[in-house]
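The values are calculated or read from the model by the stated rules, or taken from the named source; none is laboratory data. Source: prediction; values computed, not measured. Positions of Cβ are backbone-derived with ideal geometry, glycine not excepted, and every protein chain shown enters the neighbour counts.
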Amino acid sequence: MQLYNTLSAEERAALIEESGKQRLTLSFYTYANITDPQQFRDELFLAWNKLDVLGRIYVAKEGINAQLSLPADNFYEFKDHLESYDFMKGIRLNVAVEQDNLSFLKLTVKVRNKIVADGLNDETFDVTNKGIHLKAREFNTLLDDPNTIVVDFRNHYESEVGHFKGAITPDVDTFRESLPIIEEQLKDHKEDKNLLMYCTGGIRCEKASAFFKHKGFKNVYQLEGGIIEYTRQIREEGIESKFIGKNFVFDHRLGERITDDIIAQCHQCGKPCDTHTNCANEACHLLFIQCEECAATMEGCCSTECVEVIHLPEEEQKARRRGIMKGNQVFKKGKSAALTYKKSGEAISDTALAAAPKVKQVRKRERKVLIGKAEHYYTKAGVGQFAANAEIKTGDHILIAGPTTGRQELVVEGMRVNGQPGDVAQSGDKVTINVPFRVRLSDKLYRLLD
């Protein structure tokens, strides 16, 4: 009985691309009383693995929190399975604003103490005694009330690229930090103000609304379905967006655009930019904002020290990474002193610094065949080395693709086969090709067919 992943992220990405199937990215949560989380976890993995569900799911005695993707063809079967559990009948599924077939590359279902870590140890706290849920139009109306205080219950790296105008944006790394900070900040307004709160999909502000009711706040409201559902409603109903910028998401996309406003800056040069990335140095993996120019100059790295590291032989890089536990520290390192233009808390802007360019993306089904896998990148020479598993020849139109590299197309103008100049390589050969970008071990090499 298979209860865990057997494929790597790279292998899964290749299978997704080869299948040609459209996938849906969505999220949902619910607070419920789950008596045996481990058994529930195993049931979910067995059922969802068969439906080709990929994602990050947490279950606990207090409920379930899920962000995932699945083939669009399997959506209704997946929904039927959810509703086979009484506590998930009629559950709202937040479909992502922007779709990406590679948003998730593994199915991870974990048992945790809580689905949202809150740092609380209070047996009298009832998470189901929540605030009043508001739809987009109602939220906008209350937001305009001068007697309203609105709070963003997300983290600093999320609110930096997008938030509701006028919101309190706590300078925190985790949800549990925000609760006592906001309680202290608003302690004198338990009865005279409307406390309006929001988060990405609703799960954090639902717990926060219950917490503040528990602490004696009288007028507590939350945005139903979070920013994701808000965006769907304003677009369907033609409502003005009070949210500006991008909505940070915890998958491969790292964000989905809600409005054209860019309110953040490249952390390295200060240019208006709201594109998050992770440092190309795997031992660092810092989450930060980087513009295209700095990405090219710094080779995807956050500092000159990290640029030096990625130039080292791969084995030396691996040796340096041994024993390093990144985990949640990735997001905390977003406050590194190396990032000159990083902003958080009260320093976050309510004003657009630039408008995002209008880009119309048209997805077309392409025909391709896997012909190799990346093995090494020689930085100074600008050369990628690949292990061929099919014929490769000069003049081939190729695609190099991977979770970090993305999609890069070029025509093979020349190559070396097993160290010697050549025009044709066969399965088993070592092939080196000049490439104007860094390739990684996770990258696959495809021949594009006309």
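Just a few scattered comments:
- Residue in segment 289-302 that is more than 30 Å from E184 (Cβ to Cβ) and touching a residue at least 40 places away in the same chain (Cβ under 8 Å) present: yes
- Note on segment 83-111: among residues that are crowded, with 21+ Cβ neighbours inside 10 Å and under 22 Å from Q39 (Cβ atoms), the one that is farthest from the chain's Cα centre (by Cα) is V109.
- The criterion of at least 3 residues that are among the aliphatic types (A, V, I, L, M) and buried (at least 20 other Cβ atoms within 10 Å of the Cβ) is met, among strands (runs of 3 or more DSSP E) falling completely within segment 183-264, by 194-198.
- Test: residue in segment 73-96 that is part of a loop (DSSP other than H, G, I, E, B), of a type in the set (S, T, N, Q) and farther than 10 Å from L24 by Cα: yes
- Residue count for segment 379-401, restricted to those that are in a loop (DSSP other than H, G, I, E, B) and in contact with a Phe, Trp or Tyr (Cβ under 9 Å, 6 or more places away or on another chain): 1
- Residues satisfying the stated conditions in segment 385-407, i.e. without any contact (Cβ under 8 Å) to a residue 40 or more places away in the chain and within 19 Å of G300 (Cβ to Cβ): T405, G406, R407
- When the criteria are applied in full, A136 fails the requirement of being at pLDDT 90 or above, within 18 Å of D350 (Cβ to Cβ) and among the aliphatic types (A, V, I, L, M).
- Of residues in segment 338-373 being in a strand (DSSP E or B) and more than 28 Å from C266 (Cβ to Cβ), the one modelled with the lowest pLDDT: R367
- Subset tally (residues that are among the aliphatic types (A, V, I, L, M) and touching a Phe, Trp or Tyr at 6+ places or on another chain (Cβ under 6 Å)) for segment 25-56: 4
- Flag for R204 being of a type outside the set (G, A, S), in contact with a helix residue (DSSP H, G or I) (Cβ under 8 Å, 6 or more places away or on another chain) and closer than 29 Å to I262 by Cα: yes
- Tally of residues being part of a loop (DSSP other than H, G, I, E, B) and either surrounded by fewer than 21 Cβ atoms within 10 Å (Cβ to Cβ) or modelled with pLDDT under 95 (or both) across segment 35-71: 6
- Of the candidates G270, G300, G245, the single residue that is at positive phi and touching a Phe, Trp or Tyr at 6+ places or on another chain (Cβ under 6 Å) is G270.
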